[in-house]
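J.: Here it is, the structure in full.
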């Protein structure tokens, strides 16, 4: 089933006289359950692409369909609703709320869709267990290592049972050993829970964990290959 | 959408992170609310005092004074002409239907002596009607009787202040005091009356029969002359008819032609009091308005801090937006912070205002009354200030672009 479908999407930023084409007629289809890596040098448009897929931005031209819904036609709050229900974000800089416990960080998405307190707590506990952080529920981000913080972020991404995880260079701030653990966690979530994972990276050995790699260059999609 | 209690929890936590800053921001509101409450308390206290003094003056009161006099182009003030007589007072009592009671007054200042003590005080010649007109009963002994007035007996009723200053512990009844060296028998002591509107001690007075005052103490420029007449109307509604009847009667008695001015003036004390009360109310409003300026400044302080807070927490806003916070979720969060700041400030300000007005009444001796209404008003006002000044920063936060917000360093 087509989960994500981009139909000739472009993102153009007017820069005075000239226009900057951050994305130039990109068409790609991603099926449910895929594990896809997006590669390319800086400024190639991969982050712009991720922002559009993540419903944080809308394309200037073309259509972006998420589960068959045209995101370009949705308002600010409807996009927020989709982000809450369908998408889980994992960032390079973790982006956890400071001075807030791991548990409460994971509960955060559920605050915005009216899940009852009890259920919220229980779901957050089980998400933290899934990422292997049992017993650290009450630690604050500054009491956790980088790898642990990223796990909290992943728990936050999966707690709403979102079908898609968008990870923007999730291992960029981590050492090799921790990177491997994080990638194995993504693999596990993809394999066991069937969550579709989109991963932006420029490290080939991180991309190697995925099963499909697409490459961007100057805003264009230049290659799309299946991995072994 | 996020529930209100959780929004409040998040807001409280955010405020706790910057305790000093939150406290200082609240201080603006505390001072504002405190000032409003204290100022309103001073104003309310003043107008209550006037209202109470109005009651001690005696209600439904008219005062008739002799008119001014023009001689050779020079006009004297009221009372310059001595046109009122005891006969006028008796006629008013007899003929004006709207009048309940009349007290003619012929007064002056005299030295009152008892034993080796003496005291200068106002001596008021009047009749028994005075007790009713001024709502001022006799505390001990008897009032001035018609018999006293008819035969100009040398009897006196003392005000409490005079008793205190001349008698110490002795019972003044049936003692002899000398007024202007003339011996008077004390037949009664007036009940305690307190201060007048002008702050005069009304108990510092001696009452004698009006005829005695005329003949033995102060003299008259012509027989029967008195200085003023106090009239009590039957009810508040009878005040205007009484004024009209008295004016008509006196014009007749004084043979004043249709085109000539009155040679007396009738003053409606209740109206004067109401005017005074109105002035106090205006003063209260003015004080409140001035104090609200500080509340406004406090509100601007909240807005300022909220704007700083929004900028500081841009990334947090971005995170919340990325995981699904809607426009109003973000907006409510910041508005809630502003409301909590101003409501806590309002509560502390309420306490400060109440304490402050009590201190004022002790130190400055002003009467202050914190009315529940003013407390409620200041409190509600602080809430409104929170919403009003919190809205713009919250609005700004809610319209941030999530991508830019996430990248904000």
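The values are calculated or read from the model by the stated rules, or taken from the named source; none is laboratory data. As the structure is a computational prediction, the values presented were derived from the model and not from experiment. We place every Cβ from the backbone using ideal geometry, glycine too, and count neighbours over all the protein chains shown.
Table: residues versus (1) within 12 Å of another protein chain (Cβ to nearest Cβ); (2) surrounded by 23 or more Cβ atoms within 10 Å (Cβ to Cβ).
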site: A:33; (1), (2): no, no
site: A:42; (1), (2): no, no
site: A:61; (1), (2): no, no
site: A:102; (1), (2): no, yes
site: A:116; (1), (2): yes, no
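J.: Also: What's the number of the condition residue A:218 fails, among (1) touching a helix residue (DSSP H, G or I) at 6+ places or on another chain (Cβ under 9 Å); (2) exposed (fewer than 15 other Cβ atoms within 10 Å of the Cβ)?
T.: That leaves (1) as the condition not met.
J.: Out of all the residues in the range B:300-316, which are in contact (Cβ under 8 Å) with a residue 12 or more places away in the chain and within 11 Å of another protein chain (Cβ to nearest Cβ)?
T.: B:313, B:315
J.: I've got another one for you. Which ones in the range A:133-144 are surrounded by fewer than 16 Cβ atoms within 10 Å (Cβ to Cβ) and in contact with a helix residue (DSSP H, G or I) (Cβ under 7 Å, 6 or more places away or on another chain)?
T.: Result: A:134, A:138.
J.: Are any residues in the range B:233-246 surrounded by fewer than 17 Cβ atoms within 10 Å (Cβ to Cβ) and either closer than 15 Å to residue B:83 by Cβ or within 27 Å of the chain's Cα centre (by Cα) (or both), and if so, which ones?
T.: Scanning the range B:233-246 gives B:234, B:235, B:236, B:237, B:240.
J.: To continue, here is another question. For residue B:219, state whether it is surrounded by 16 or more Cβ atoms within 10 Å (Cβ to Cβ) and farther than 30 Å from residue B:402 by Cβ.
T.: no
J.: Ok, one more. Does residue B:45 fit the bill of being assigned to a helix (DSSP H, G or I), more than 14 Å from chain A (Cβ to nearest Cβ), more than 30 Å from residue B:398 (Cα to Cα) and modelled with pLDDT of 90 or more?
T.: no
J.: Specify which of the listed residues (B:10, B:4) is touching a helix residue (DSSP H, G or I) at 6+ places or on another chain (Cβ under 8 Å), within 14 Å of chain A (Cβ to nearest Cβ) and surrounded by fewer than 16 Cβ atoms within 10 Å (Cβ to Cβ).
T.: Among B:10, B:4, only B:4 is touching a helix residue (DSSP H, G or I) at 6+ places or on another chain (Cβ under 8 Å), within 14 Å of chain A (Cβ to nearest Cβ) and surrounded by fewer than 16 Cβ atoms within 10 Å (Cβ to Cβ).
J.: In the set A:111, A:166, A:174, which member is buried (at least 23 other Cβ atoms within 10 Å of the Cβ) and modelled with pLDDT under 95?
T.: Going through A:111, A:166, A:174 in turn, the sole match is A:111.
J.: Go through (1) without any contact (Cβ under 8 Å) to a residue 24 or more places away in the chain; (2) under 30 Å from residue B:248 (Cβ atoms) and name the single condition residue B:96 misses.
T.: (1)
J.: What do you reckon, is residue A:162 in contact (Cβ under 8 Å) with a residue 24 or more places away in the chain and in contact with a strand residue (DSSP E or B) (Cβ under 7 Å, 6 or more places away or on another chain)?
T.: Answer is yes for this residue.
J.: Moving to a separate point now. Read through the list (1) within 14 Å of chain B (Cβ to nearest Cβ); (2) touching a residue at least 12 places away in the same chain (Cβ under 8 Å); (3) over 28 Å from residue B:15 (Cβ atoms), then give the number of the only condition that residue A:67 fails.
T.: (1)
J.: In the range B:317-338, which residue that is away from every other protein chain (no Cβ under 14 Å) and free of Cβ contacts under 8 Å to residues at least 60 places away in the same chain is surrounded by the fewest Cβ atoms within 10 Å (Cβ to Cβ)?
T.: Across the range B:317-338, the extreme among qualifying residues is B:335.
J.: Could you say whether any residue in the range B:136-144 is buried (at least 22 other Cβ atoms within 10 Å of the Cβ), touching a helix residue (DSSP H, G or I) at 6+ places or on another chain (Cβ under 6 Å) and assigned by TED's automatic domain parsing to the domain that holds residue B:189?
T.: Within the range B:136-144, not a single residue is buried (at least 22 other Cβ atoms within 10 Å of the Cβ), touching a helix residue (DSSP H, G or I) at 6+ places or on another chain (Cβ under 6 Å) and assigned by TED's automatic domain parsing to the domain that holds residue B:189.
J.: Go through B:285, B:295 for me and flag whichever is in contact (Cβ under 8 Å) with a residue 60 or more places away in the chain, part of a helix (DSSP H, G or I), within 28 Å of the chain's Cα centre (by Cα) and surrounded by fewer than 23 Cβ atoms within 10 Å (Cβ to Cβ).
T.: The match here is B:285.
J.: Next question. Search the range A:53-62 for residues being touching a residue at least 24 places away in the same chain (Cβ under 8 Å) and more than 19 Å from residue A:32 (Cβ to Cβ), and hand back the single one that is nearest to the chain's Cα centre (by Cα).
T.: Looking at the filtered set, the residue picked out is A:56.
J.: Inside the range A:187-202, can you point out the residues that are touching a helix residue (DSSP H, G or I) at 6+ places or on another chain (Cβ under 8 Å) and under 25 Å from residue A:44 (Cβ atoms)?
T.: Hits for the range A:187-202 are A:196, A:197, A:198, A:199, A:200, A:201.
J.: Also: List the pairs whose first member sits in the range B:2-19 and is over 17 Å from residue A:98 (Cα atoms), whose second member is not in a helix (DSSP H, G or I), and whose Cβ atoms are under 8 Å apart, counting only residues at least 6 apart or on separate chains?
T.: Pairs that qualify, where the first residue is over 17 Å from residue A:98 (Cα atoms) and the partner is not in a helix (DSSP H, G or I), are B:2/A:112; B:2/A:114; B:2/B:325; B:3/A:114.
J.: Identify all residues within the range A:75-90 that are more than 7 Å from chain B (Cβ to nearest Cβ) and either part of a loop (DSSP other than H, G, I, E, B) or touching a strand residue (DSSP E or B) at 6+ places or on another chain (Cβ under 7 Å) (or both); write none if there are none.
T.: Scanning the range A:75-90 gives A:75, A:82, A:86, A:87, A:88, A:90.
J.: Another question, if that's okay. Name every residue in the range A:178-208 that is in contact with a strand residue (DSSP E or B) (Cβ under 7 Å, 6 or more places away or on another chain) and assigned to a loop (DSSP other than H, G, I, E, B), in order of residue number.
T.: Within the range A:178-208, A:195, A:201, A:202 meet the criteria.
J.: Something else now. So which residues in the range B:374-409 are buried (at least 20 other Cβ atoms within 10 Å of the Cβ) and within 14 Å of chain A (Cβ to nearest Cβ)?
T.: Scanning the range B:374-409 gives B:397, B:398, B:402, B:405, B:406.
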